[in-house]
Every structure is written in structure tokens, then in C-alpha cells.
Amino acid sequence: MKKALTAIAAAAFAFAGLSTTASAENEKFVLISHAPDSDSWWNVIKNAIKVAGDQMGAEVEYRNPPTGDLADMARIVEQAAATNPDGIIVTIADFNVLKGPITDAVDKGIPVITINSGTQEQSEELGALMHVGQPEYDAGFGAGKRAAAAGAKSFVCVNHYITNPASVERCRGFADALGVELGSQMIDSGQDPSEVKNKVSAYLNTNQDVDAVLTLGPNSAHPTLAALRDAGLAGEMMFGTFDLSSEIAEAIKAGEINFAIDQQPYLQGYLPVVILTNYARYSVLPSGHINSGPGFITKDNIAQVEKYAGEYR
């Protein structure tokens, strides 16, 4: 997979060079995510679409529901399609909620690439050109295998966006790798840092047999780390998280977080813009979906990636 992704990425960068020498046609694209304004993880994708837009001579607008409300996101997709852009890039945060607006856009003849949340099968059912993202269950399963190898038997999955089905798949994959039921080991933490910290602390106080923690991104990782530090458990308990931030990178170096699962969000923003631009100009298109992850960042390789955290990683 790594070789295939490298080849596709190299082709996309080659297309970038080709397109900047051709006359720019000022294509207009819209990227619509499910993320609330408070989720800073998406800054990497915002940076990626800006870089790609500048390189391609295309205009790329980022839109999202300010509070993360998926009904609001569905309306944003409808509004974007009504402007007849040259392409739409969209997350499949909830297939049932977004199916109508996305298929309506496809039926209007607007090229669509799905990213991040959702599956390749869902992307195909919606009529999208391709999906660029990380198989979430597989990523969770891979994390669970690492936890199992470390001797973990009981865990808590701190889910800060439980309304997104992909988040549950992450937790489920982790549980399956450990050979246990997910059940109550997944908690709905909410997104307020104080609330996340309090819920994690309460869970650990009630369930003292927990020997592993999985968080689903910086929004839950940062306050969970604070809860573990307060309890004197930081570095004593297996701790894995999805995604990367400067604080997560420091915790990996300190031995407080064992690994971060890297879905390479930069590629999720950059590649669709390059691909849609070349599709609009030359009708060329990669032949399949692109897996941007999962990769695992540990103390052994953190030095290679930490300087790019929050901007390119």
C-alpha cells in the first residue's frame, strides 16, 4: 500500500508541475468537513488546500458546520452544489444524513471526492470519483494489536465525536484486536476539555482495572493526558491516540503516549485538489481509492515528523 500511495502521490505532484505551466482556468472547489470550529486538527487540511490551490491556480473554499451539527453540514453541501463548483470534496461523517445532498451533487454533474470519514464502499455508492482517507476499523485494530502486545486486557476509548460512525469503528477495531466487547469501554466524552478530563478521571476511578487508553484525536488526547497526569498514571498506562499535535509529540518523546496513529491529513486535503484540477482540465484520474493511513508515530520516529505537526502532519 505504501508503494502504491507513493506512486499516486508522486503522480499528483507531477500533475501539479504540469498544471502550473498550463494556463490556469481558475477552477472553483469547495471542501466541506464535519468538524466544528473548535477542532484545530483540521488546520492541516486547511493548509493543504491552500497550498494545492496556489500551486494549481484554483480557488478552494473550506466550509464546515460551526458546531459540528451534521444536519447543518448537509445544508452546506446543498448550498455548495447550488453554486455549481468545478468539484466538491466532502467527508462522509454520517452516510444516511449526507447521502441525499451528495448524490444530488453527483447527479448535477459535479465531480465529488470523499475524504477522511466514511468508507470506500460508501464513496462508491454515493457516485464519488474516489475516497482519500484511512480505513478506520483497520486503524483501530492495528492500535489494538499494539496494546495487546503490551499486555493490555481492559481499556477505555475516549470518543469526543460519537455522532460520527467512523469514530465508533476506531473503538470497535481496538476492542476486537484485544478480543473484548466494546460495550461500556467507549465513553462519550464531549468536546469541552474540562468535561473530557472529568469524564476520563471518573471512569478511571470507577474502573481501576483499565490498563490501556485510546483517544480519537487531540481534542480528547490533551485533556485525557491531563487526567492521567493528575492521577499519577501518565507513562504507567498504555496510551495510544489518533492524530498528531505538538503536545502529543512532546508526550510521545516523554514516554507518556506510546503512539499516535497518523492518517496524514495533509494528503487528504492536498491530493483531491490536485486530482480535481487535472480532471477538470485534462480528464485524467487515478484508477482507485487512496489510503492516506494508518501509520504509527512512536518515540523511534517522532523526530522525523514533529517539526511538521499542526501544519503538514
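FYI, it's all coordinate maths here, none of it is from the lab. Predicted model, so just to flag it, every value in this text is computed and none were measured. Glycine gets a Cβ as well: all are built from the backbone with ideal geometry, and neighbour counts include every protein chain shown.
Pairs meeting the criteria (first residue in region 161-174 and more than 14 Å from Ile187 (Cα to Cα), second residue among the hydroxyl-bearing types (Ser, Thr, Tyr) and assigned to a helix (DSSP H, G or I), beta carbons under 6 Å, at least 6 apart or on different chains) are Gly173/Tyr137. For region 156-175, the condition holds for at least one residue, the condition being that it is within 18 Å of Thr298 (Cβ to Cβ) and in contact with a helix residue (DSSP H, G or I) (Cβ under 7 Å, 6 or more places away or on another chain).
The residue of region 145-163 that is nearest to Gln134 (Cα to Cα), among those that are in a helix (DSSP H, G or I) and of a type in the set (A, V, I, L, M), is Ala147. Scanning region 24-44 for residues that are part of a loop (DSSP other than H, G, I, E, B), of a type outside the set (Asp, Glu) and surrounded by fewer than 24 Cβ atoms within 10 Å (Cβ to Cβ) turns up Ala24, Asn26, Pro36, Ser38.
Counting the residues of region 269-302 that are polar (S, T, N, Q) and in contact with a helix residue (DSSP H, G or I) (Cβ under 6 Å, 6 or more places away or on another chain) gives 3. Set side by side, the residues Thr103, Thr114, Thr119 differ, and just one is surrounded by fewer than 17 Cβ atoms within 10 Å (Cβ to Cβ), β-branched (Val, Ile, Thr), touching a helix residue (DSSP H, G or I) at 6+ places or on another chain (Cβ under 9 Å) and in contact (Cβ under 8 Å) with a residue 12 or more places away in the chain, which is Thr103.
Residues in region 164-182: is at least one part of a loop (DSSP other than H, G, I, E, B) and closer than 25 Å to Trp42 by Cα? Checked region 164-182: at least one residue is part of a loop (DSSP other than H, G, I, E, B) and closer than 25 Å to Trp42 by Cα. One residue stands out among those in region 275-313 that are among the polar types (S, T, N, Q) and assigned to a loop (DSSP other than H, G, I, E, B): the one that is surrounded by the most Cβ atoms within 10 Å (Cβ to Cβ), which is Ser292. For region 232-255, state whether one or more residues are touching a Leu at 6+ places or on another chain (Cβ under 9 Å), free of Cβ contacts under 8 Å to residues at least 12 places away in the same chain and not in a strand (DSSP E or B). Yes: region 232-255 contains one or more residues that are touching a Leu at 6+ places or on another chain (Cβ under 9 Å), free of Cβ contacts under 8 Å to residues at least 12 places away in the same chain and not in a strand (DSSP E or B).
A single member of Ile110, Ile88 is farther than 26 Å from Asn219 by Cα, among the aliphatic types (A, V, I, L, M) and part of a strand (DSSP E or B), and it is Ile88. Criterion applied to Val90, Val51, Val44, Val112 was being of a type in the set (Val, Ile, Thr) and touching a Leu at 6+ places or on another chain (Cβ under 7 Å), and the one residue passing it is Val112.
In this structure, is Ala105 part of a loop (DSSP other than H, G, I, E, B), within 21 Å of Ala35 (Cβ to Cβ) and more than 13 Å from the chain's Cα centre (by Cα)? Spelling it out, it is not the case that Ala105 is part of a loop (DSSP other than H, G, I, E, B), within 21 Å of Ala35 (Cβ to Cβ) and more than 13 Å from the chain's Cα centre (by Cα). With respect to (1) outside any loop (DSSP other than H, G, I, E, B); (2) at positive phi; (3) not polar (S, T, N, Q), the lone exception for Gly190 is condition (1). With respect to (1) crowded, with 18+ Cβ neighbours inside 10 Å; (2) more than 19 Å from Gln191 (Cα to Cα), the lone exception for Phe242 is condition (2). Determine whether Glu256 is of a type in the set (Asp, Glu) and out of contact with any strand residue (DSSP E or B) (no Cβ under 8 Å at 6 or more places or on another chain). Taking the combined requirement at face value, the residue does not satisfy it. Can Thr224 be described as of a type in the set (Val, Ile, Thr), within 23 Å of the chain's Cα centre (by Cα) and buried (at least 21 other Cβ atoms within 10 Å of the Cβ)? For Thr224, the condition - of a type in the set (Val, Ile, Thr), within 23 Å of the chain's Cα centre (by Cα) and buried (at least 21 other Cβ atoms within 10 Å of the Cβ) - is met.
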